[in-house]
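Notes to accompany the following structure.
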Amino acid sequence: MSRDPGAELVDVLDDHGRPVATVTRREMRARRLPHGSTYVLVFNRRGELFVHLRSPDKDVYPGRWDVAVGGVLAAGESFDEGARREVREELGVEIEPEPLFPLRWADEHTVVHGMVYRARHDGPFRLQPEEIVRGEFLALEAVAARAAREPFCPDGLAALVEYRRRPGGRE
């Protein structure tokens, strides 16, 4: 990760998820350009989901809880490469995430062509302080209860809702 995340290069994607341009992350955010992103749902062997509090310095959804580890793909990076890189950077562990399904997300902050993954790891993790303030494993019911009273990243919650809707998505 560069010292200036805003200077990182990302691909701008068309409506079909194909790269059509390359810009800095800063420009992508300023112009709300569609880009690729990964969402890795990390469960422990008890079926609890790792949730974390995002840094207040994040460029989108700062200081919110998130149910997914992941983030914006670098220019030319595949979803699988991005998922592995994000887990390695944010949690400090090597995991081979299992790809599950694509996710499209758009709101007033961002437009994403995403891919949702599942991974298993019991920790411990070496959390990246620039990205994560703290994190913990929670039962899915406890995640829902926290999301009802504290701010969460809406795209991550959308990934979790779709995961739980699918066969085998109950942990």
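Residue by residue through the stretch 39-56, note down the ones that are touching a Gly at 6+ places or on another chain (Cβ under 6 Å) and among the hydroxyl-bearing types (Ser, Thr, Tyr).
TYR39, the sole residue that qualifies.
Hey, can you tell me all the residues within the stretch 115-133 that are more than 15 Å from VAL42 (Cα to Cα) and either touching a helix residue (DSSP H, G or I) at 6+ places or on another chain (Cβ under 9 Å) or part of a strand (DSSP E or B) (or both)?
Selection gives GLN128, GLU130, GLU131, VAL133.
I'm trying to understand the selection: among the residues of the stretch 107-128, which are at pLDDT 95 or above and exposed (fewer than 13 other Cβ atoms within 10 Å of the Cβ)?
Those that are at pLDDT 95 or above and exposed (fewer than 13 other Cβ atoms within 10 Å of the Cβ): PRO124, ARG126.
Taking the residues in the stretch 89-109 that are more than 13 Å from the chain's Cα centre (by Cα) and not in a strand (DSSP E or B) as candidates, determine which candidate is farthest from GLU136 (Cα to Cα).
Checking each candidate, the answer is GLU108.
Exactly one of (1) open to solvent by 30 Å² or more (accessible area, probe 1.4 Å); (2) over 25 Å from ALA30 (Cβ atoms); (3) in a loop (DSSP other than H, G, I, E, B) is unmet by ASP57. Its number?
(2)
Touching a strand residue (DSSP E or B) at 6+ places or on another chain (Cβ under 7 Å), open to solvent by less than 40 Å² (accessible area, probe 1.4 Å), assigned to a strand (DSSP E or B) and modelled with pLDDT of 95 or more, is that true of VAL51?
Yes: the conditions hold for VAL51.
State which residue is farthest from the chain's Cα centre (by Cα) when the search covers only the stretch 67-88 and only residues that are assigned to a loop (DSSP other than H, G, I, E, B) and under 23 Å from VAL143 (Cβ atoms).
VAL67
With the condition kept exactly as written, say whether any residue in the stretch 94-104 is hydrophobic (A, V, I, L, M, F, W, C), at pLDDT below 95 and closer than 20 Å to ASP155 by Cα.
No, the conditions are met nowhere in the stretch 94-104.
The values are calculated or read from the model by the stated rules, or taken from the named source; none is laboratory data. Just so it is clear, the structure is predicted and the values come from calculations on it, not from any experiment. When we count neighbours, we look across all protein chains shown, and the Cβ atoms used for this are built from the backbone with ideal geometry, even at glycine. Just the protein is used for accessible areas: all its heavy atoms, side chains included, with ligands, DNA and RNA removed. Shrake-Rupley method; radii C 1.70, N 1.55, O 1.52, S 1.80 Å.
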